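**Student:** Sharing a structure below in structure tokens format, with a few things to ask.
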Amino acid sequence: MQTHDAAGKELREVSQATVRFAGDSGDGMQLVGTQFADLSSLVGNAIRTIPDYPAEIRAPAGSLGGVSGYQLNFADEEVSTPGDAPYVLVAMNPAALKVNLRDVQTGGVIILNTDEFNEANLTKARYESNPLEDDSLSDYQVIPVPMTRLNDEATKDSELPGRDRARCKNFFALGIALWLYDRPMQPVLEWLMHKFGKKTAVLTANARSLRAGYNFANTTELMRVHYRVAPAKLPKGRYRRVNGNEAAAMGLVVASCRAERPLVYASYPITPASEILQELSRHKNFDVRTIQCEDEIAACCAALGASFAGCIGATGTSGPGLALKAEALGLAVMTELPLVLVNVQRAGPSTGLPTKTEQADLLMALHGRHGEAPAVVLAPSSPGDCFWVAYEAVRLATKYMTPVLVLSDGFLANSAEAFAIPEVKDLPEIAVASVPENQADFAPYRRDPKTLSRPWAMPGTAGLQHRIGGLEKQELTGAVSYDGANHRRMIEQRNRKISGIAADIPPARVEGDDSGDLLLVGWGSTCGAIKAAVRSARAEGHSVSHLHLRHLNPLPQGLGEALKRFRKVLVPENNLGQLCSVLRSEFLVDARPLPSMEGRPFLIREIRNAIEEALNQ
Amino acid sequence: MNDTCCPPTQAPEPAPSLTRKDFQTPQEVRWCPGCGDYGILNVTQRVLAAQGIPPHKVVFVSGIGCSSRFPYYVNTYGFHSIHGRAPAIATGVKCANPDLQVWVVTGDGDGLSIGTNHLIHAIRRNLDINILLFNNRIYGLTKGQYSPTSELGKRTKTSPDGTIERPIWPVRTALAGQATFVARTVYSDPNHMATTLEAAARHRGTAFVEILQNCNVFNDGAFDHEADRKKTDEQRIFLEDGKPVRFGKDGCKGILVENMEPVVVDLPPGGEPPPGSTLIHNTKAVSPALGELLAALVPPNFPIATGVFRDVERPIYDQELRGQVEAAISKQGKGRIEDLLNSGTTWEVR
């Protein structure tokens with residue numbers, strides 16, 4: 001549908017759009033991206049975002065390594081990924097153009113700050129000729145904007161010094177983007193007021209730059225068309241923008257409140273998990289106690305010590321830290337104490353690509369401990385789902401007295417979406433039983449016949465003094481035991497306790513038909529891309545279904561049967577095929593891997609193509 | 001939310017009359033016959049009984065090694081953890097429930113090799129815990145390899161030609177970590193040990209006690225010099241706050257500092273030594289220099305100093321943490337789930 005606006009420009013209705021803002025690390029791209037995302041939510045679009053920032057805090061200005069980007073996908077229906085390819089790229093300098101051009105849709109809009117396309121910056125971006133002057137951009141709608149100068153002009157009457165004024169140009173870019181998608185400026189102005197209310201000069205300069213950008217787009221003959229994305233038909237209710245780390249933090253806090261036990265979160269700063277510690281340290285009024293420990297090992301041990309003393313002990317980390325925590329996790333298995341570990345996976349091995357995403361810690365989470373040391377492993381499938389999975393982790397950890405590993409990743413951690421705020425009464429129950437004082441038949445390893453879980457007797461309770469530790473325990477009494485037969489029984493009991501959890505989680509559920517030609521099985525952050533690819537294949541009449549796992553250990557009931565009802569099974573993962581090998585060994589099915597390991601999430605089209613290939617084989 | 005884990009500070013319960021027996025467990029004690037640890041266990045149980053805190057309010061946390069079996073033999077709550085990590089586990093216990101009295105039992109390998117990091121950081125934070133480091137200068141449980149406190153040149157199974165690394169000094173390490181209470185005692189002197197442990201238990205903040213301990217199987221006689229009761233006068237300085245530093249028969253010797261080096265000086269036997277004739281001990285000194293100087297006195301040129309090196313007050317980590325939580329609650333009100341869920345950028349879909 002198309003109409004014309006008051007200025008005589010065409011206003012075109014589109015169903016979906018992907019926009020990427022890119023510039024130097026210091027250009028404020030994350031800020032304007034977030035603003036654009038919030039605005040999109042506010043006008044009722046479904047959103048999904050992803051930032052892309054360098055590992056260096058301030059790489060040299062204008063360099064390829066210093067480019068920071070923020071991509072946003074918004075639509076009039078559900079969106080499951082941040083979008084494969086941007087239709088609009090805002091590039092604040094040559095480096096930003098160079099790094100991002102390859103992703104832009106052919107025919108897409110490229111808005112460039114031409115003032116930055118000077119000799120020095122072109123050299124830094126390793127351009128041999130100026131892309132504004134050669135024909136390398138001929139496949140795109142290029143909008144050259146002298147943004148630096150126009151911003152300078154717009155803000156010159158403000159009281160800010162020149163350098164600070166120059167920093168407002170991200171709002172000029174945002175102004176252009178707002179016009180391009182027919183967005184109101186008012187909410188951004190209100191946000192500026194809220195943020196800089198007392199710093200009048202900063203407020204005025206940014207507001208002027210924003211308006212100037214908007215007006216420029218509105219009047220320039222370079223931009224003849226702008227777009228409107230109608231509100232999505234989302235379920236009614238209250239929503240909140242969350243990224244995965246915020247959601248995980250919130251899930252831990254809410255679960256601890258429901259369990260009526262304080263949360264003790266012990267962690268060591270590591271990208272991309274630090275934000276959880278930062279977030280939780282702000283929630284002390286929920287009786288959350290955070291400890292920034294001396295190292296990863298200490299963090300896991302402190303969390304376990306807190307659990308021993310009756311709190312919800314939790315820790316968070318990323319891959320290298322998971323390796324360091326392995327021994328303490330084994331202790332948690334042996335002592336059968338609740339412990340939640342959120343592992344925000346990043347590309348490894350070793351330091352790897354610390355700011356980039358990957359899913360290659362699955363086998364480590366499942367098996368990376370010495371001895372027979374089963375633990376519960378969960379994986380959220382979207383940023384908002386990090387809330388629910390963190391909550392589920394606390395529920396299972398306390399009910400079954402076990403460590404629970406949550407496998408988030410860099411993508412989920414930083415990607416944001418609309419999270420439907422639940423009603424407190426709808427939250428699953430987390431009932432933590434405490435052992436009464438002087439209980440006559442108390443035995444630290446007396447298992448509940450149903451859950452096989454041992455009692456959580458808290459230090460400070462009269463008459464329940466007991467000793468636990470890493471040495472094998474005699475069943476029931478918990479005394480140290482070196483007896484081989486007892487050891488075998490205890491291994492079996494610990495294992496049965498974890499495998500029995502399968503009865504306490506939802507059974508495997510296939511999205512689409514229950515049987516057919518091809519089943520895509522995924523876990524964690526790949527959910528959105530798989531879902532979209534399967535939807536598109538089904539729309540074209542293919543017999544394809546999707547099964548997504550949130551519980552990796554134990555696996556849900558009915559999974560083997562579900563797999564066997566399909567002719568082929570394909571497993572997209574951001575690793576070499578770790579879940580795939582689990583499924584093959586567990587169920588003797590000929591599942592095939594679809595690996596992607598480029599430090600970024602799957603594109604929908606990559607999975608879509610793989611579906612086509614698999615069906616044609 | 002209830003406050004099960006962190007009740008507000010209550011009036012102390014009337015101290016029940018406790019005996020050593022209340023702190024014994026039925027578990028058979030499995031140290032080697034003649035091990036110095038037996039004596040330490042006995043004294044610790046006595047001290048626990050005397051202080052009047054009921055067993056269920058006490059937690060012993062240990063790592064790995066002979067000494068780390070300790071919690072099994074004390075009828076309190078106990079956590080025998082993994083190698084070197086006891087201070088980290090204890091940190092979690094204490095932050096979860098600051099009302100518990102928490103003891104860490106560790107050894108020279110556990111505390112000063114694999115776990116040095118945690119030990120120093122627990123001390124630096126000044127958690128209200130008591131750390132007992134049994135120093136026998138050998139790896140006993142793994143059967144006789146040199147330890148980080150083994151003397152330079154020591155021949156062991158893994159150093160047949162003698163070690164080529166200098167030992168680490170427990171008391172000096174604790175002082176470097178800004179410990180608020182540091183003491184040293186000897187396994188063979190139960191009364192001194194009891195006094196020292198009582199002082200440690202009374203101290204608010206991290207109390208670090210090095211206990212010189214004999215491993216009669218793999219390092220027999222390691223501290224014969226210090227433990228020899230016949231030569232106690234000559235070979236030990238009994239540190240007392242505010243008192244002259246002296247040793248020898250009738251206190252006939254003292255320690256002075258010349259050119260920043262300690263030297264042994266003669267004192268008139270008995271009575272108060274003349275002013276300036278020897279160092280006066282000061283456990284409250286802001287500077288750690290005196291403690292460090294005394295801790296570094298070693299045989300054969302000097303006697304060894306035992307007793308309390310340092311005993312000062314500083315804010316306590318677990319209490320500060322609790323304070324921040326209470327301040328947040330009193331300022332913002334007790335957190336409500338609804339408020340948390342509805343914070344940040346929210347909007348309504350109608």
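**Student:** Can you name every residue in region A:582-593 that is touching a residue at least 40 places away in the same chain (Cβ under 8 Å) and under 28 Å from A:Pro354 (Cα atoms)?
**Tutor:** Within region A:582-593, the first condition is being touching a residue at least 40 places away in the same chain (Cβ under 8 Å), and the residues that meet it are A:582-583, A:591.
If the condition is that a residue be touching a residue at least 40 places away in the same chain (Cβ under 8 Å) and under 28 Å from A:Pro354 (Cα atoms), then A:Val582 is the only one that fits.
**Student:** Can you run down the residue pairs with Cβ atoms below 7 Å, 6 or more apart or on separate chains, where the first is in region A:177-191 and open to solvent by 30 Å² or more (accessible area, probe 1.4 Å) and the partner is aromatic (Phe, Trp, Tyr) and not in a helix (DSSP H, G or I)?
**Tutor:** As it stands, the answer is A:Asp182/A:Tyr227, since those pairs meet every condition given.
**Student:** Further question: Going through region B:205-229 one residue at a time, which ones are surrounded by fewer than 20 Cβ atoms within 10 Å (Cβ to Cβ) and touching a Ser or Thr at 6+ places or on another chain (Cβ under 8 Å)?
**Tutor:** Selection gives B:Arg229 alone.
**Student:** Read through the list (1) of a type outside the set (Asp, Glu); (2) at the interface with chain B (Cβ under 8 Å from one of its Cβ atoms); (3) open to solvent by 10 Å² or more (accessible area, probe 1.4 Å); (4) not in a helix (DSSP H, G or I), then give the number of the only condition that A:Ile291 fails.
**Tutor:** Every listed condition holds for A:Ile291 apart from (3).
**Student:** Please go through region B:125-144 and pick out each residue that is open to solvent by 10 Å² or more (accessible area, probe 1.4 Å) and in contact with a helix residue (DSSP H, G or I) (Cβ under 9 Å, 6 or more places away or on another chain).
**Tutor:** Correct list: B:Arg125, B:Asp128, B:Asn136, B:Arg137, B:Tyr139, B:Gly140, B:Leu141, B:Thr142.
Let's see how each residue does on (1) over 29 Å from the mean Cα position of the chain (by Cα); (2) closer than 30 Å to A:Glu327 by Cβ; (3) polar (S, T, N, Q):
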residue	(1), (2), (3)
A:Ala207	yes, no, no
A:Leu252	no, yes, no
A:Cys257	no, no, no
A:Leu263	no, yes, no
A:Ile270	no, yes, no
A:Ser281	no, yes, yes
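**Student:** May I ask you to list the residues in region B:102-124 that are closer than 14 Å to B:Ala88 by Cβ and surrounded by 24 or more Cβ atoms within 10 Å (Cβ to Cβ)?
**Tutor:** Residues satisfying the conditions are B:Val102, B:Val104, B:Thr106, B:Asp110, B:Gly111, B:Gly115, B:His118, B:Leu119, B:Ala122, B:Ile123.
**Student:** Could you identify the single residue in A:Ala420, A:Ala379, A:Ala413 that is open to solvent by 20 Å² or more (accessible area, probe 1.4 Å), touching a strand residue (DSSP E or B) at 6+ places or on another chain (Cβ under 7 Å) and either closer than 30 Å to A:Asp76 by Cα or among the charged types (D, E, K, R) (or both)?
**Tutor:** Numbers: A:Ala379 fails: open to solvent by 20 Å² or more (accessible area, probe 1.4 Å); A:Ala413 fails: open to solvent by 20 Å² or more (accessible area, probe 1.4 Å).
Every option except A:Ala420 fails the conditions.
**Student:** Also, quick follow-up: Collect the residues in region A:235-266 that are farther than 30 Å from A:Ala397 by Cα and open to solvent by less than 40 Å² (accessible area, probe 1.4 Å), keeping them in residue-number order.
**Tutor:** Across region A:235-266, the qualifying residue is only A:Gly237.
**Student:** Please specify each residue of region A:462-471 satisfying the condition of being open to solvent by 20 Å² or more (accessible area, probe 1.4 Å) and farther than 15 Å from B:Phe23 by Cβ.
**Tutor:** A:Gly470, A:Leu471
**Student:** Has region A:343-352 got at least one residue that is under 22 Å from B:Val59 (Cβ atoms) and of a type in the set (D, E, K, R)? Give the derivation first.
**Tutor:** Of all residues in region A:343-352, those under 22 Å from B:Val59 (Cβ atoms) come to none.
No, region A:343-352 contains no residue that is under 22 Å from B:Val59 (Cβ atoms) and of a type in the set (D, E, K, R).
**Student:** Ok, one more. How many of the residues in region A:294-316 are in a helix (DSSP H, G or I) and within 7 Å of chain B (Cβ to nearest Cβ)?
**Tutor:** Number of matching residues: 9.
**Student:** So, one more: Could you pull out the residue among A:Arg535, A:Arg600 that is among the charged types (D, E, K, R) and touching a residue at least 12 places away in the same chain (Cβ under 8 Å)?
**Tutor:** A:Arg600
**Student:** Considering each of A:Val480, A:Val435 in turn, give the residue that is within 14 Å of chain B (Cβ to nearest Cβ) and either under 17 Å from A:Thr398 (Cβ atoms) or surrounded by fewer than 16 Cβ atoms within 10 Å (Cβ to Cβ) (or both).
**Tutor:** After applying the criteria, what remains is A:Val435.
**Student:** Which members of region A:209-250 meet the condition of being touching a Cys at 6+ places or on another chain (Cβ under 8 Å) and under 30 Å from A:Glu10 (Cα atoms)?
**Tutor:** A:Ser209
**Student:** So which residues in region A:275-288 are touching a Phe, Trp or Tyr at 6+ places or on another chain (Cβ under 9 Å) and either more than 9 Å from chain B (Cβ to nearest Cβ) or of a type outside the set (A, V, I, L, M) (or both), if there are any at all?
**Tutor:** A:Ile276, A:Leu277, A:Leu280, A:Ser281
One line per residue, one yes/no per condition, for (1) over 13 Å from A:Leu583 (Cα atoms); (2) touching an Asp or Glu at 6+ places or on another chain (Cβ under 8 Å):
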site	(1), (2)
A:Gln493	yes, yes
A:Ala503	yes, no
A:Leu520	no, no
A:Thr526	yes, yes
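**Student:** If only one of A:Thr398, A:Thr451, A:Thr357, A:Thr351 is of a type in the set (S, T, N, Q) and assigned to a helix (DSSP H, G or I), which one is it?
**Tutor:** After ruling out the rest, the residue left standing is A:Thr398.
**Student:** Taking only region A:150-194 into account, find how many residues are under 25 Å from A:Leu11 (Cβ atoms) and not in a helix (DSSP H, G or I).
**Tutor:** 5
**Student:** Condition test on A:Leu427, is it modelled with pLDDT of 95 or more, surrounded by 15 or more Cβ atoms within 10 Å (Cβ to Cβ) and more than 13 Å from chain B (Cβ to nearest Cβ)?
**Tutor:** It is false that A:Leu427 is modelled with pLDDT of 95 or more, surrounded by 15 or more Cβ atoms within 10 Å (Cβ to Cβ) and more than 13 Å from chain B (Cβ to nearest Cβ).
**Student:** For A:Pro231, work out the one condition from (1) surrounded by fewer than 24 Cβ atoms within 10 Å (Cβ to Cβ); (2) touching a strand residue (DSSP E or B) at 6+ places or on another chain (Cβ under 7 Å); (3) more than 18 Å from A:Phe411 (Cα to Cα); (4) more than 7 Å from every other protein chain (Cβ to nearest Cβ) it doesn't fulfil.
**Tutor:** Of (1) surrounded by fewer than 24 Cβ atoms within 10 Å (Cβ to Cβ); (2) touching a strand residue (DSSP E or B) at 6+ places or on another chain (Cβ under 7 Å); (3) more than 18 Å from A:Phe411 (Cα to Cα); (4) more than 7 Å from every other protein chain (Cβ to nearest Cβ), only one is false for A:Pro231: (2).
**Student:** Which condition number does A:Gly44 fail, the rest of (1) away from chain B (no Cβ under 14 Å); (2) part of a loop (DSSP other than H, G, I, E, B) being met?
**Tutor:** Single failed check for A:Gly44: (1).
**Student:** Now for a separate question. Which residues, counting only those in region B:138-165, are away from chain A (no Cβ under 14 Å) and among the aliphatic types (A, V, I, L, M)?
**Tutor:** Passing the criteria: B:Ile138, B:Leu152, B:Ile164.
**Student:** Output the strands (runs of 3 or more DSSP E) that fall wholly within region B:244-350 and possess 1 or more residues being within 14 Å of another protein chain (Cβ to nearest Cβ) and not hydroxyl-bearing (Ser, Thr, Tyr), or say none.
**Tutor:** Numbers: elements: B:253-258, B:261-266, B:304-311, B:346-349.
Result: B:346-349.
**Student:** Let me ask something else about it. Kindly list, by first and then second residue, each pair from a residue in region A:448-472 that is within 11 Å of another protein chain (Cβ to nearest Cβ) and free of Cβ contacts under 8 Å to residues at least 12 places away in the same chain to a residue that is of a type in the set (Ser, Thr, Tyr) and assigned to a loop (DSSP other than H, G, I, E, B), limited to pairs with Cβ atoms under 6 Å and residues at least 6 apart or on different chains.
**Tutor:** Listed by first residue and then by second, the contacts come to A:Gln465/B:Thr76.
**Student:** Do we have A:Ala457 as within 38 Å of the chain's Cα centre (by Cα), within 28 Å of A:Pro428 (Cβ to Cβ) and open to solvent by less than 10 Å² (accessible area, probe 1.4 Å) here?
**Tutor:** When the stated conditions are applied, A:Ala457 passes them.
**Student:** Please determine whether any residue of region A:121-141 is in contact (Cβ under 8 Å) with a residue 12 or more places away in the chain and under 30 Å from A:Thr200 (Cβ atoms).
**Tutor:** Checked region A:121-141: no residue is in contact (Cβ under 8 Å) with a residue 12 or more places away in the chain and under 30 Å from A:Thr200 (Cβ atoms).
So that you can scan it fast, the table gives a plain yes or no per residue for (1) crowded, with 21+ Cβ neighbours inside 10 Å; (2) in the same structural domain as A:Leu178 (by TED's automatic domain parsing); (3) assigned to a strand (DSSP E or B):
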{"position": "A:Tyr70", "(1), (2), (3)": "yes, yes, yes"}
{"position": "A:Phe74", "(1), (2), (3)": "yes, yes, yes"}
{"position": "A:Ala85", "(1), (2), (3)": "no, yes, no"}
{"position": "A:Asn100", "(1), (2), (3)": "yes, yes, no"}
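The values are calculated or read from the model by the stated rules, or taken from the named source; none is laboratory data. If you're wondering where the values come from, they're calculated on a predicted model, not measured in any experiment. Methodologically, a virtual Cβ is constructed for each residue, glycine included, from the backbone with ideal geometry; neighbour enumeration extends over all protein chains shown. These area figures cover heavy atoms from the full protein model, side chains too; ligands, DNA and RNA do not enter into them. Shrake-Rupley method; radii C 1.70, N 1.55, O 1.52, S 1.80 Å.
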